[in-house]
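I have placed the structure first, in the form of structure tokens, so that the comments after it can refer back to it.
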2 protein chains.
Amino acid sequence: MLEQMSDQPLVQHEPSPETTSSPPRKLKCEQILQGALTVFLEHGYAGTSMDRVAAVAGVSKQTIYSHFQDKQGLFTALIERMMIDRFRVEFGSEPLQGEPAMLLRRLAETFLTKMGDAEFIAFFRLVIAESARFPELAQLYTRTVMQYGYVNLSQYFESHPELHIADPEAMSRIFFGSLGAFILVQEVMHGKQIMAMSEERLIDSLIATVLSQATVGQVGKSH
Amino acid sequence: MLEQMSDQPLVQHEPSPETTSSPPRKLKCEQILQGALTVFLEHGYAGTSMDRVAAVAGVSKQTIYSHFQDKQGLFTALIERMMIDRFRVEFGSEPLQGEPAMLLRRLAETFLTKMGDAEFIAFFRLVIAESARFPELAQLYTRTVMQYGYVNLSQYFESHPELHIADPEAMSRIFFGSLGAFILVQEVMHGKQIMAMSEERLIDSLIATVLSQATVGQVGKSH
DNA sequence: GTCTATATCTAGATAGAC
DNA sequence: GTCTATCTAGATATAGAC
């Protein structure tokens, strides 16, 4: 088992300034979280042992228990931090603007790029996997990672009545839902090997579809 | 821990006809699979112990090992059987037909009803959870549960050129992707408590969106 | 604070009686 | 074929040295 635990890219940070005697203080905590991330992402919650986390993090088991109450505490602290510090959505932080087709394309490409990242895929899988045991973490994901995107796109649709989108919130679901499902099937569930489809095709159809009511509107206006 | 293992709704089947002496033959196998299903769906792969499966199934552990090679073998056999016998998609078995709006609505409602079932949600969660450890099971899911739906809807779109759907396959992804993502967020990830939306709103917008190119076509034709 | 060593339990898998 | 009893490894969590 213990296969030569290859050097993890552990957070090395600044090596504790002046005094060489005092052992690092907050560094251990970061090491633990980094090690826990690696192991949890690969083996899931139940499949992860504290021994392994300690080994990968390069600390002793007791050190983990001095920083976190127990395995559950370590897991929830890790996942919460990941959501808030790493995966909180950025394109939801400020109002969207720009020409509709361009904006939607940029939004879709950003979304797919972010979700297509290998670490995010593993993270997404883990949150879903533990959504029965840790429902509040799944809901935190919804609030921190997804909700702003939905709300902001809805507001964009609302502020562009010329797009003739009858139900902005529902359309927002369709937009991000299509993209998220694409990642889920292609990447998380390894569907790309058996049901290939390029991102471009999906994005093109998605944009054309979302904006098609606008075309109807224009035709109507031209009368 | 062992909390009074409340009576599971075990398969009791017919209690072995005539001869009372001979112990049931294939019954045990069904009992094992039913018990394994219950435990795996609730605790995931790593979180499930063979002891617990044996207890819930009402057989001894050794009986399990006489029917299945090991834990992996039991798990894969169970999941494969569930996909093929229980969740293989039916609305993919025969060509779709009917008036577009009606057909899509019926398709969407059937899809949401099937996926909204509590057992299916747990099953879906489990397949995703183990898609890293058992990628071939995730791919089997794609092939048996999803692919026919995609293909058949694509063919329907292709056979209805008046709908003006430029890329039937991509549109099929948008249709089922939106619905699947809805279930994922609302049910699997418990989003309905914090981001409520009725199925009707999603379906209405989805159908209007998918069919909007047809309206464009009709307006064009009317000239 | 951090480590080594250990206590207690439960895991997957097997041996042998019937 | 099925069950009871058991083996061995690895799990969470803690005790005590430094």
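Remarks
- Note on the stretch A:73-91: among residues that are under 14 Å from A:VAL127 (Cα atoms) and within 16 Å of DNA strand D (Cβ to nearest atom), the one that is farthest from the other protein chains (Cβ to nearest Cβ) is A:ALA77.
- Residues that are in contact (Cβ under 8 Å) with a residue 40 or more places away in the chain and within 17 Å of A:SER178 (Cβ to Cβ) were ranked within the stretch A:111-128; the one that is farthest from the other protein chains (Cβ to nearest Cβ) is A:GLY116.
- For beta carbons closer than 7 Å, sequence separation of 6+ or different chains, a first residue in the stretch A:32-57 that is under 13 Å from A:VAL127 (Cα atoms) and within 13 Å of chain B (Cβ to nearest Cβ) and a second that is within 13 Å of DNA strand D (Cβ to nearest atom) and in a helix (DSSP H, G or I), the qualifying pairs are A:PHE40/A:PHE75; A:TYR45/A:PHE75.
- Selection within the stretch A:151-176: residues that are at the interface with chain B (Cβ under 8 Å from one of its Cβ atoms) and not in a loop (DSSP other than H, G, I, E, B). The member of this set that is farthest from B:GLU199 (Cα to Cα) is A:PHE176.
- Flag for A:LEU179 being facing another protein chain (nearest Cβ under 7 Å) and closer than 12 Å to B:ARG173 by Cβ: no
- Of all the listed residues (B:PHE175, B:PHE157, B:PHE182), the sole one being buried (at least 23 other Cβ atoms within 10 Å of the Cβ) and touching a Pro at 6+ places or on another chain (Cβ under 7 Å) is B:PHE157.
Residues are listed down the side, and each one gets a yes or a no for (1) within 13 Å of DNA strand D (Cβ to nearest atom); (2) of a type outside the set (Val, Ile, Thr); (3) modelled with pLDDT under 95; (4) within 24 Å of B:GLY47 (Cβ to Cβ):
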| position | (1), (2), (3), (4) |
| --- | --- |
| A:SER6 | no, yes, yes, no |
| A:LEU37 | no, yes, no, yes |
| A:TYR45 | yes, yes, no, yes |
| A:LYS71 | yes, yes, no, yes |
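- Considered as a group, the residues in the stretch A:30-56 that are away from DNA strand C (no atom under 13 Å from the Cβ) and hydroxyl-bearing (Ser, Thr, Tyr) include one that is farthest from the chain's Cα centre (by Cα), and that residue is A:THR48.
- Filtered by the rule that a residue be hydrophobic (A, V, I, L, M, F, W, C) and near DNA strand D (Cβ under 10 Å from one of its atoms), the stretch A:47-69 gives A:MET50, A:VAL53, A:ALA54, A:ALA55, A:ILE64, A:PHE68.
- Among the residues of the stretch A:106-128, those that are among the hydrophobic types (A, V, I, L, M, F, W, C) and under 17 Å from A:ASP204 (Cβ atoms) comprise A:LEU107, A:ALA108, A:PHE111, A:LEU112.
- Screening B:GLN186 with (1) closer than 30 Å to B:ALA46 by Cα; (2) at pLDDT 95 or above; (3) facing another protein chain (nearest Cβ under 9 Å) gives one miss only, at (3).
Conditions tested, residue by residue: (1) farther than 22 Å from A:ALA132 by Cα; (2) crowded, with 17+ Cβ neighbours inside 10 Å.
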residue	(1), (2)
A:GLN72	no, no
A:PHE75	no, yes
A:ILE84	no, no
A:GLY98	yes, no
A:ALA108	yes, yes
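- Among the conditions (1) surrounded by 21 or more Cβ atoms within 10 Å (Cβ to Cβ); (2) under 23 Å from the mean Cα position of the chain (by Cα), B:ILE165 misses just one, which is (2).
- Among the candidates B:SER131, B:SER212, the residue that is facing chain A (nearest Cβ under 9 Å) and in contact with a His (Cβ under 8 Å, 6 or more places away or on another chain) is uniquely B:SER131.
- Pick from the stretch A:189-201, criterion facing chain B (nearest Cβ under 9 Å) and of a type in the set (A, V, I, L, M, F, W, C), ranking: nearest to B:GLN213 (Cα to Cα): A:MET197
The values are calculated or read from the model by the stated rules, or taken from the named source; none is laboratory data. None of the values given here were measured: they were computed from a predicted structure. Positions of Cβ are backbone-derived with ideal geometry, glycine not excepted, and every protein chain shown enters the neighbour counts.
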